[in-house]
Every structure is written in structure tokens, then in C-alpha cells.
Amino acid sequence: MTRTLPAMYETLLYARTGAVTEIRLNRPHRLNAVIDELYEELNDALTTAEEDPETRVIVLTGEGRAFCVGADLKAHAAGTRTAYQRRQYLNGEQRVCKRLMTLSKPVIAAVNGYALGAGAEMAVA
């Protein structure tokens, strides 16, 4: 079995073992709460997995004791985002969920612990 690490991310762990690519949300200190960078990296990781001819299935899961508790409210509560930045965040969420629903390869959400808000959306997409 081959284990490859094609990309390095700040908010994700990405690995392929044989025909299975695992994408792991990696913000366990915040219960994998979503920030803008996570959506950007997840979209990129999904593209990488979809374009990898060795990948036959994608497993999406979370590091630590939660799958994903939704938006990182600490980042939103700071009140420093412009209206444009808030829209961009929501667009990122929509892109990822649409992507999960339309990928040419099956995606399994291995839900471990909490799946709230955006986490629930990703789990059922």
C-alpha cells in the first residue's frame, strides 16, 4: 500500500493510502471550527483528490474529539470583517458544500463527535 502526502496545509491533514484519500480537518484546539483558510484549503484538497487517478474514494473527517462545530465564532465576533469579507466566507462555504455534492468520486463523512452548523452541512453534503 502506498501512502502519499501530495500537499501541505495549515488547517487540514491530507493523505492517500492505496485508493483511499483521507482529508482531516485539523483545528482540534477549536473543535475544527471553520475559518476562511479552511474552506480555501478544503476546496483545494478536494480538487487534488478528484484529479488523482489513484484515488477511488475520499474520506472527510475531523482531528480530535469533533468532526466540525461550524463557524469559528471567535473570528466572526471580532467585528473586523467588511461586508465583502463576510460574503466571501459564505461563498467559500457554499463552494465546498456544492463541491462535496458534485465530486466524481464518492465522499464518506466519517463523523467523529460534534457536527454542528457548517460541520453538519459538510457531513450531509
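Coordinate-derived values only; no laboratory data. In this text, all values refer to a predicted model and were calculated from it rather than measured experimentally. Backbone-built Cβ (ideal geometry, glycine too); neighbour counts: all protein chains shown.
Of note:
- Within the range 3-124, percent of DSSP bridges classed antiparallel, to nearest 5: 40
- Just checking the listed ones, Pro28, Pro106, Pro53: in the Gaussian network model of the chain with Cα springs under 10 Å, the one fluctuating most is Pro53.
- Computed from the Cβ-Cβ distance with R0 of 30 Å, the FRET efficiency linking Tyr84 to Val124 stands at 0.55.
- Once the chain from Arg95 to Arg56 is taken as fully extended at 0.36 nm per residue, the excess over their C-alpha distance is 11.9 nm.
- When you filter the trypsin sites (Lys or Arg not before Pro) in the range 1-85 for DSSP loop state and at most 15 other Cβ atoms inside 10 Å of their Cβ, you are left with Arg56, Arg65, Arg81.
- Two-decimal ratio, the chain, of alpha-carbon radius of gyration to 2.2 N^0.38 Å: 1.03
- Modelled FRET efficiency - R0 30 Å, Thr102 with Ala15, Cβ distances, 0.05 increments: 0.80
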